[in-house]
Amino acid sequence: HISVPSSFVKRTFVEKGVPASKLLKMPLGVDLSEFRPLPKRDAVFRVVFAGRLELQKGVHYLLQAFSELQLQDAELWLIGSRSREMTPFLDRYDGYYTHIDHVPQPQLRQYYSQCSVLVLPSVHDGFGMVLAQAMACGLPVICTENTAGDDLVTNGVEGFVIPIRDVCALKDKLLHLYENPETCKEMGKAALGRVAAGLSWDDYGDRMCQQYSRILREQGRL
């Protein structure tokens, strides 16, 4: 058996010929004592990306989408170390974003809580821990199908799941949240509820132990 963290990863294994019955889909957890909502200090519509700034994460698509929207009273925060491959894109969109270098995990909630939505536009990302972290801080999320989005997000409830490399879809969802602040807040509450209802690390451990027990019973070893 092979444990995989998301439906996306499971699809890639099946596409390579691994039997689906061999795969255990086990979404990862989040530390709910560390990631929790804090009061937002202003009314700015603030978009946040967290993770290494690299092409794999699709940051260049987010930069394009945000720059083309030209939103008033809105900001884009990019949190994470930057790879050399991103330099041309960061230079091209200079002035449209604020770059915050690597932030220790315990401090991330302070940044998430000052934002309106987290965007993870990854081309491929086995899970995307920042999704669960931001949701635990009360943020809706916009992410691609090639993350754990299909496992964490009911489309239109806790956020939106969009195709990879789809700048138009990303712009549409960002604009929808920008123009509907109450909807944005309600989706953030739904995101928090989703994570609190079964995505802690204790929940993950319980699910994994249940799977181990099932496998051992099927093999007659328990």
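Extension gain, residue 103 to residue 31: 0.36 nm times the residue separation minus the Cα-Cα distance gives 24.3 nm. Computed with a 1.4 Å probe over protein heavy atoms only, the accessible area of residue 201 comes to about 110 Å². In terms of the Cα gyration tensor, with a ≥ b ≥ c the square roots of its eigenvalues, is the range 61-186 rounded because a/c is under 1.5, prolate because a/b exceeds b/c, or oblate? Taking the square roots of the gyration eigenvalues as a ≥ b ≥ c, the range 61-186 is rounded.
Here's how it looks for residue 142: its modeled amide H is under 5 Å from those of 118, 119, 120, 160, which are all 5 or more places away or on a different chain.
Quick check on the range 1-67: take the gyration tensor over C-alpha atoms, sort the square-rooted eigenvalues as a ≥ b ≥ c, and tell me if it's rounded (a/c under 1.5), prolate or oblate. Here the range 1-67 falls in the oblate category.
Each residue of the range 178-192 is assigned a 3J(HN,Hα), and the resulting list reads 5, 7, 10, x, 5, 4, 4, 5, 5, 5, x, 5, 5, 4, 4 Hz, derived from the Karplus form 6.51 cos²θ - 1.76 cosθ + 1.60 (θ = phi - 60°), x at Gly and Pro. Quick check: Cα centre of the range 124-172 to Cα centre of the range 63-111, how many Å? Between the Cα centre of the range 124-172 and that of the range 63-111, the gap is 17 Å.
In this calculation the C-beta distance from residue 22 to residue 197 is compared with R0 = 30 Å, giving a FRET efficiency of 0.60. Which is the longest run of the chain containing none of the trypsin sites (Lys or Arg not before Pro) found in DSSP loop states (not H, G, I, E, B) with at most 10 other C-beta atoms within 10 Å? Longest run free of exposed loop sites: 42-220. Taking GluC sites (Glu not before Pro) in DSSP loop conformation with at most 16 other Cβ atoms inside 10 Å as exposed sites, the chain has its longest uninterrupted site-free stretch at 35-144. Normalised by 2.2 N^0.38 Å, with N the number of residues, the alpha-carbon radius of gyration of the chain equals 1.06. Computed over the chain with a Gaussian network model linking Cα atoms closer than 10 Å, the most mobile of 160, 89, 127 is 89. Modelled label positions at residue 211 and residue 154, each set 7 Å beyond Cα in the direction of Cβ, lie 2.3 nm from each other. Evaluated on the range 130-195, the Kirkwood hydrodynamic radius is 11.5 Å, with distances taken between all distinct Cα atoms. Annotation: amide H of residue 79 within the under-5 Å range of 49, 50, 51, 100, sequence separation 5 or more or interchain, hydrogens built in the peptide plane.
Give the carbon-plus-sulfur fraction of the accessible surface of the chain in %, rounded to a whole number; probe 1.4 Å, heavy atoms of protein chains only. The value for the chain is 50 percent carbon and sulfur by accessible area. Can you give the net charge of the other residues whose Cβ lies under 10 Å from the Cβ of residue 106, counting K and R as +1 and D and E as -1? It works out to a net charge of -1. Residues in the range 148-156 carry Karplus couplings, in order, of 8, x, 5, 8, 9, 10, 8, 3, x Hz; the curve used is 6.51 cos²θ - 1.76 cosθ + 1.60 with θ = phi - 60°, and Gly or Pro positions show x.
When the C-alpha to C-alpha distance is required to be over 26 Å, the pairs from 10/171; 25/57; 57/171; 10/185; 25/173 that qualify are 10/171; 10/185; 25/173. Compared with the alpha-carbon gap, the fully stretched path from residue 124 to residue 180 is longer by 17.2 nm at 0.36 nm per residue. In this structure, the amide hydrogen of residue 32, modeled 1.01 Å from its nitrogen in the peptide plane, lies closer than 5 angstrom to those of 201, counting only residues at least 5 positions away or on a different chain.
The values are calculated or read from the model by the stated rules, or taken from the named source; none is laboratory data. These numbers come from a predicted model, not from an experiment. In this analysis, Cβ positions are derived from the backbone assuming ideal geometry, glycine residues included, and neighbour counts consider all displayed protein chains. SASA here: full protein model, heavy atoms, side chains in, ligands and nucleic acids out. Shrake-Rupley method; radii C 1.70, N 1.55, O 1.52, S 1.80 Å.
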